[in-house]
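Shown next, in C-alpha cells, is the structure this report addresses.
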2 protein chains.
Amino acid sequence: MQLQQEDLNRFEKLIGKENVASDKAHLIAYCYDATRQRYEPEAVLFPRNEEDVQNILRYCNEKGIAVTTRGAGSGFTGGSLPASGGIVLAMQRHMNQILEIDMQNMVARVQPGVLNMELQKAVEEVGLFYPPDPASQEYSTIGGNVSENAGGMRAAKYGITKDYVMALRAVLPNGEVIRAGKKTIKDVAGFNVAGILTASEGSLAVMTEITLKLIAKPKMKKTAMGIFPTVTEAMDAVYKTMAGGVTPVAMEFLDKLTIQAVEQKFAKGLPKDAGAILITDVDGNSEQELDAQLDIIKASFDANGCGEFKIAADENEAADLWFARRNASPSLAVYGNKKLNEDITVPRSKLPQLLTKIYEIAGKYDVNVPCFGHTGDGNVHTNVMVKDGNDPQQLERGHKAIEEIFQATVDLEGTLSGEHGIGLAKAEFMPMAFSEAELELFRRIKHAFDPKGILNPGKMGI
Amino acid sequence: MQLQQEDLNRFEKLIGKENVASDKAHLIAYCYDATRQRYEPEAVLFPRNEEDVQNILRYCNEKGIAVTTRGAGSGFTGGSLPASGGIVLAMQRHMNQILEIDMQNMVARVQPGVLNMELQKAVEEVGLFYPPDPASQEYSTIGGNVSENAGGMRAAKYGITKDYVMALRAVLPNGEVIRAGKKTIKDVAGFNVAGILTASEGSLAVMTEITLKLIAKPKMKKTAMGIFPTVTEAMDAVYKTMAGGVTPVAMEFLDKLTIQAVEQKFAKGLPKDAGAILITDVDGNSEQELDAQLDIIKASFDANGCGEFKIAADENEAADLWFARRNASPSLAVYGNKKLNEDITVPRSKLPQLLTKIYEIAGKYDVNVPCFGHTGDGNVHTNVMVKDGNDPQQLERGHKAIEEIFQATVDLEGTLSGEHGIGLAKAEFMPMAFSEAELELFRRIKHAFDPKGILNPGKMGI
C-alpha cells in the first residue's frame, strides 16, 4: 500500500515529529546498502525505545504497512533494503547504547544500534573479548550482525554471532514484547526463540535488546604466513592443520589471481608465481602455548608443499603479513569494473575440490574469478570479475558463472551464504539449496511470527 | 483417539510385524522414564530407517494418532512419556548407528538412538572430543540429548548440546523430510531450523540424523578441591574465579547437607562442618597451562574464605576428590524417601542470593533441601527431600517449597530448567516464567511444524 499523510501524522504523534522523516534527502539516504541496489522507503522512522517500536509495529500491522529494520545498511545482500516500500525503522540514531557489561557473568547487554567495534573496544577495556569480527566491524551494528548471523575471520576458533547470542528482547508485529533466552549458558524452558531470531534477516520480529556472551581476552597473539605452489596444496594444508589439533584464530588465504592483483596495485614484493598464500593468527595465554601451535602449523604446511614459512617477529611484521589480505578486495578492480562477489562456504575438506571447480567454471565463461577468504571455516569469497560491466554479454557470462559456482557449492554439501545472508541478492537461488518442503516450512515459520507479512517482505526467497 | 486393530495392521504392513508391539509387556516397558510417572502407550513402534519414520508419521498425521518419540527414557521431566496415549516411536533398537566420524571436518554424523557415551568413546579413539556429558551419559541417547538440550559438568567451558548441533535431518508430521544446517561453521541461508529443533522436546519433528561438531581432545586434565566455611563464600569464589580469566572444565559444588549425607553413607572423612566444597577440573595441552589455571583458582578460592585447597597428584586422588560429588544424589535418601529434584539455573553472580533464599524456603516449609551441582554455569540441583513421601501433608509442604524456589529463580533472572527440560513435570510453571504473548508464540511455532498437534501432545505447557 501507499503511505498516506494520515499515516505520517500518526507516526509523528507516536514517536515525535523529529523522529519521522519523509523528505527526499532522507528517503535517498536510507535507500541503499552495500549491494548498491536502491529501494526508496516511503518514510524513515527513528524509534527512541522499545515502546516506540511497539507502537509503530502495532499500527503498521493494523494498516498492512511494510517495515524494514535497518542498522548501518552495510549488508551485502539487501537485507535492510525496503524492497516493498513502506517504512524503514532506523535503529542507529537512538537505540545505540551499551546497556550493561556484566563482568561477573561475562555478558554484555546492548541495544541493536551499537557498533560492533564499539562493543569490542568497551569489553576489551575490562579484559573481556567479543570475538565475532565481520569485515564491516568498524561500521556495522550488532543488530545487523545478529540479523544476518555475521561471521568474520575469527570464526574458525571462536564461532560466529549466533554462538554469542544468549538472550534477546524483541517486538512482534502485533506490538507484543517477547523475551527469549537468558544470561545463563543452560536454559531449556520453551522453544529456542533466540536461536531462530538470529539470522532471520529482520523478517520475524524487531530486536530491541541483545545479550551477548563474552569470553576472557587471550593474552597474546602471533601471526605467520605460508607460501604454496598450488591452491590445492594450500587448501589441503588448511584442513590437515586443523584436524592435527590446532584451531588457529584466523586461517586466511589469497589465491594466485588475488596475489597478482594486490602486487599490481601495491608492489609489496609478493611472490607473483605462488599458487596461494595462507596467513594465520594463533592466540593464547603464554609464549609456549603459541609456539606449540605454530610448530604444528609449520609441520603441516611443510608436509603440504609450503615453500616459505614466516613468523612475524612483532606487530609491524604481523601487519605486513596481513597487508595483502586486508587489501585483497579493493585490489581486484584490476580485473574489471564489475565485481559479483559471493560468500559461499563448504566443509573444509571440500575446499580443494571447490577451488578446482571454480577455476574450471571461470575458464568456461571466460571471466577472472580471484578467490580469497576464511578457509579455516570453509568460507571462500569468490569474486567473479566482469571486465566491462556495461557489456550485457560479459555480464550475462558472469551471472552464469555465479550460478554454476552456487550449484558446485551445493553439490559439495556447502551453503549459498556463509555470512552475508540471502536477502534479495540470493533469493532466486533458494530452490537450488532447499526442497519445496523446506521452503514451505520457512513460510510457515514466517507466518507464525508475522501472519500479515509486514516485516521485511520479499526477502530470503520465501 | 483409541488405536484400532486396523491401525496396528497398517503399522505392521509399513515397518514389519516384528517392529510393532502392542502386548502388555512392551506397553509397560515403554511407559516410564526417570520421573517414575507411568503412561502406557497403545503401541510401540521400532522404525528401521528414515523412510519408516516418514510412513509412520504420514499415517498418524492423517488419523490424528499421538506420536511420542523415545530414546532411552532417561529424562527427568517426562518428555518421552506418551501422556496422551497413541504410539511410542522407539529409536534405540534400529536407528542407533554412528554413520560417520569425519576427521577432516571434525564432525560426527549419527542416528538419534546412539548412546552419548558410545559416541564419546568412538571420537576419543581418534583424538577428537564430544564435550556434552549429561549425568546420564552412559545410557542416554544423542537424540534425547538434542531434544532436551542436555547439559552436564563440562558446560561452563565447553557449552551444552545445542552448541554442538551443526545439522539435522528430521521428518515433519506430514511425512516430509527436512534437512537443517550444514557441516560448516558458517551458514546463513534460511531460518535456523536446527536451532529451534534442538530443545524442542520432540514436539516439532522427529529427528533421523544428527551432525555434531567435535573438537580436538585436550591432552591433559587436573582436579582440585576447595573447602569453604559457608556456601555464600563458595558461590562468590565461583563467579569471581571465572571473571578472573579462568574457565574451568567443571566447577561443581556440594552444600553442607549434601556433604553430611555423603559422609553419613560412605564415611570418607569429609569435613562435616564445612559450608560447602567446590571440586574443579581444568584441562589444556601442557602442564604449564594447567598450573597457570590452578594458580588463579587457588588465589580466588583463598581470597573468598577457602580453608583448605588440594590438588590431586594423580588419577586416583582425582577420583577420590570426585567421589563425594559422584555419590551426592544417591546419598540424599538419608533425608527422606521422596526427592523432588529440580535443575534451576541462574546467572553465576546470583548464586549466593539463590542459595540463601533456598535455605530460607527450606526453613519455612520444614524440609531439607540439600543442593549440589554445576555452579560454573549457575546450574543448581535442588533436592527438596520429603521425609515421608506417603504423608500428604509433608508432600504438600515439599511442593510448596518447590514452587517458591521456582519463583525465586525467575526473580533472579534464572530459568526453570537448565538441562532437564519442561516436559510434563514443569508444564504448570511455564506461566510463571513466560508471558501470555510468549506462550502464544510457542503455540504458533508448534502449529507451524505440527498443525494437527500429533507430536508429543501435552508437553512443555503449550
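Points to keep in mind about this one:
- Using a simple spin-label model with pseudo-atoms 7 Å out from Cα toward Cβ, B:Lys310 and A:Arg36 lie 7.0 nm apart.
- Cα centroid separation, segment B:147-210 to segment A:80-116 (Å): 27 Å
- Distance from the C-alpha centroid of segment B:13-52 to that of segment A:418-435: 41 Å, rounded to the whole angstrom.
- Computed over the alpha-carbon atoms, segment B:98-216 gives an Rg to Rh ratio of 0.94, Rh here being the Kirkwood radius from the mean inverse distance.
- Using the alpha carbons alone, the radius of gyration of chain A stands to its Kirkwood radius in an Rg to Rh ratio of 0.98.
- Cα-Cα pairs of segment B:341-462 separated by more than 19 Å (percent): 52 percent
- GluC sites (Glu not before Pro) restricted to segment B:95-194 and DSSP loop, no more than 16 other C-beta within 10 Å: B:Glu138
- Interface size B-A, as summed buried accessible area [1.4 Å probe, Å², nearest 100]: 6500 Å²
- Theoretical FRET efficiency, 1/(1+(r/R0)^6), r = Cβ-Cβ of A:Ala437 and B:Ala437, R0 35 Å, to 0.05: 0.75
- Carbon + sulfur, % of accessible area of the protein assembly as shown - ligands and nucleic acids excluded, 1.4 Å: 47 percent
- Coarse-grained scattering of the protein assembly as shown at q = 0.04, 0.07, 0.09, 0.11 Å⁻¹, given as base-10 log I(q)/I(0) from a Debye sum over alpha-carbon atoms: -0.18, -0.58, -0.98, -1.44
- Degrees, to the nearest 10: B:392-411 long Cα axis against longest axis of chain B: 80 degrees
- Axis of helix A:231-243 versus longest Cα principal axis of chain A: the two differ by about 70°, to the nearest ten degrees.
- Note on segment B:220-417: the alpha carbon radius of gyration divided by the globular reference 2.2 N^0.38 Å gives 1.02.
- Positive-pole candidate from B:Tyr59, B:Ile28, B:Asn9, dipole of segment B:5-90, charges at beta carbon: B:Ile28
- Considering only alpha-carbon pairs that sit under 8 angstrom and 6 or more positions apart, the relative contact order computed for chain A is 15 percent.
- With both labels modelled 7 Å from their Cα along Cα-to-Cβ, the B:Ala216 to B:Tyr139 distance reads 3.7 nm.
- Length gained when the stretch B:Glu12-B:Asp291 is fully extended (0.36 nm per residue, less Cα-Cα span): 94.4 nm
- Stokes-Einstein diffusion coefficient of segment A:232-309, Kirkwood radius over Cα pairs, 25 °C, 0.890 mPa s, in µm²/s: 184 µm²/s
- Across the identical copies, the 7 Å label point of A:Arg443, projected outward along Cα→Cβ, sits 2.5 nm from its counterparts, in ascending order.
- Using the Cβ-Cβ distance between A:Lys364 and A:Asn337 with R0 set to 25 Å, the FRET efficiency works out to roughly 0.70.
- Over chain B, DSSP H runs of length four or greater, each weighted -39,500 (n - 2.57), average out per residue to a 222 nm ellipticity of -11000 deg cm²/dmol.
- Compactness of segment B:5-90 - radius of gyration and Dmax, Cα, Å: 12.2, 34
- Between the listed residues A:Tyr139, B:Val206, A:Ile279, the Cα displaced farthest toward the positive end of the dipole of the protein assembly as shown, a dipole computed from Cβ unit charges relative to the Cα centre, is found at B:Val206.
- Computed with a 1.4 Å probe over protein heavy atoms only, the accessible surface of the protein assembly as shown comes to 37 Å² per residue.
- Residue of chain A whose Cβ sits closest to the axis mapping A onto B, with distance in whole Å: A:Gly195, 2
- Given R0 = 30 Å, the distance between the Cβ atoms of B:Arg93 and B:Glu124 translates into a calculated FRET efficiency of 0.70.
- Taking every alpha-carbon pair within segment B:301-385, the share separated by more than 23 Å comes to 35 percent.
- Among beta bridges from DSSP that stay inside chain A, the antiparallel ones total about 90%.
- Relative to one another, the C-alpha centroids of segment A:257-322 and segment A:382-409 are positioned 31 Å apart.
The values are calculated or read from the model by the stated rules, or taken from the named source; none is laboratory data. Quick caveat, the model's predicted, so the values are computed rather than measured. Methodologically, a virtual Cβ is constructed for each residue, glycine included, from the backbone with ideal geometry; neighbour enumeration extends over all protein chains shown. Protein only, heavy atoms only, side chains kept; ligands, DNA and RNA dropped before computing areas. Shrake-Rupley method; radii C 1.70, N 1.55, O 1.52, S 1.80 Å.
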